[in-house]
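See below for the structure under consideration.
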Amino acid sequence: MKFALVFVATILLTTAIVSANNGNDGVQCGNQRCGNDQVCHIRNGDCNCVSDHQVEASLRFNRIGSWTRDGRQYTQFDVTITNHSNRNIRQINIRTDETFTLRSQNDLWNMVRQGDNLSLPSTQTINSGASYTFGFIIVGTQQPNLRIRSIVFN
């Protein structure tokens, strides 16, 4: 009986944790957690959650082309990150989802992928007012969902 009670309690706790996190792709920002409609801005070690419309960088997609090979469709995109702030961007983290399915692991350039996150190569920065372009080839033709989650400024 005691085992059954512990087992049920464990299942309920696990379900509560999963439910609380389900759909919340918020990012940790210092000692706070930004909401789904916020981005973590880090300046001089100070972390602040800002709303999407206050983000000082933007993503612009350019569809290079699509084709079919062996019955599968592929599309190449370039994405330009533009820095709208008066400081250089030292790092930017962009969240992906299931719409970002690369044709192969070699089909992403000028960014580093770790799980569902894209970030700048360690030696790359984006100067104030400047832009940086990365590209990829995905399976399918739909523009993938990419979302800026955090930015570290110099």
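For segment 37-153, the alpha-carbon radius of gyration amounts to 1.10 times the rule-of-thumb value 2.2 N^0.38 Å expected for a compact globular protein. Label zone of residue 123 (point 7 Å out along Cα→Cβ, amide N under 15 Å): in segment 87-110 this covers 110.
Sort 98, 56 so that the residue with the fewest other Cβ atoms within 10 Å of its own Cβ comes first and the one with the most comes last. Intermediate results must be reported in sequence, preceding the final value.
On the way: 98 8, 56 19.
By the 10 Å Cβ count, ascending: 98, 56.
With the simple model of a label 7 Å out from the Cα in the direction of the Cβ, residue 32 to residue 82 spans 2.8 nm. Legend: calculated FRET efficiency, residue 51 to residue 114, from the Cβ-Cβ distance at R0 = 35 Å, rounded to 0.05, equals 0.85. Near the amide H of residue 85, within less than 5 Å, lie the amide hydrogens of 129, all on another chain or at least 5 residues away, with H placed in the peptide plane.
A short reminder: the numbers here are calculations on the coordinates, not readings from a lab. It should be emphasised that the depicted structure is a prediction, and the values quoted were computed from it without experimental measurement. Positions of Cβ are generated from backbone atoms using ideal geometry, with glycine treated the same way; all protein chains shown enter the neighbour counts.
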